[in-house]
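A.B. asks: Please see the structure below; I have some questions.
The values are calculated or read from the model by the stated rules, or taken from the named source; none is laboratory data. The structure displayed is predicted, hence computed values, not measured ones. Note that we place each Cβ from the backbone using ideal geometry, even for glycine, and neighbour counts take in every protein chain shown. Only protein heavy atoms, including side chains, enter the accessible area calculation; ligands, DNA and RNA are left aside. Shrake-Rupley method; radii C 1.70, N 1.55, O 1.52, S 1.80 Å.
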Amino acid sequence: ATTSKIGNGGIIAMSYGFRTGHLQTTSTSYVDSGITANITPISSSNKILIQINPLMGLNHPSGQDVLAQVRILRDSTEIFTERTADYMRYMIGAGNTDYLIAGQFLQHQDSPSTTSQITYKLQVRTGGAGTLSCWAGSGLVLQEVAA
C-alpha cells in the first residue's frame, strides 16, 4: 500500500447545500436565508473556503431604494458581514413599482480551528425599506483546504 500527502492548498473535502422554497422578508434584522451546509474538518489547521450563490430579489411597491445586506455565520458566530457597502442595491425611482432578481456571488475563507462538525449559513436583511427575496436553487459550497 502507498500513502500520499495532500499539499497545502489541496481540497480535502466538499459539502454543499441548496435552498428549497422561497423566502420573502422585510426585516431590518438578520434572518436565516435557508442557505446552509455542514462540514467536519479532518484537521484543525485546515481552512474552509465558503462559496455562496444566492438568487435574490428586491422590490418596493413605490419604487424606492431597496438594499440587501448579508452575513455568514459559523454555527452562531458571525464570521463575515458586508459592512462597507450594501451587498445588493436596486432603485427604480419615479414611484414606479418594479422588481429585480439577480444571481449573486459571495466567497470567504474561514479558519475554524476545529475538527467538530460546523454549520455555515447565510443570513439576510433589508437595508431599510422594501422586500428582499431568496429563491429556491440558491446554493452554498464548502471546501476544506489543506493548510
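A.B. asks: List, please: which pairs have Cβ atoms under 8 Å, are six or more places apart or on different chains, and start with a residue in region 47-61 that is under 10 Å from residue 141 (Cβ atoms) and end with one that is open to solvent by less than 30 Å² (accessible area, probe 1.4 Å) and β-branched (Val, Ile, Thr)?
C.D. replies: Partner pairs satisfying both residue conditions: 49/145; 50/72; 52/35; 52/72.
A.B. asks: Could I ask something else about it? Residue 58 fails exactly one of the following numbered conditions: (1) touching a Leu at 6+ places or on another chain (Cβ under 8 Å); (2) surrounded by fewer than 15 Cβ atoms within 10 Å (Cβ to Cβ). What is the number of that condition?
C.D. replies: Unmet condition: (2).
A.B. asks: It is to be established whether one or more residues within region 64-74 are small (Gly, Ala, Ser) and within 14 Å of residue 122 (Cβ to Cβ).
C.D. replies: Yes, some residue in region 64-74 is small (Gly, Ala, Ser) and within 14 Å of residue 122 (Cβ to Cβ).
A.B. asks: Return the residue satisfying two criteria in turn: it lies in region 4-35 and is β-branched (Val, Ile, Thr) and open to solvent by 60 Å² or more (accessible area, probe 1.4 Å), and of such residues it is farthest from residue 76 (Cα to Cα).
C.D. replies: 6
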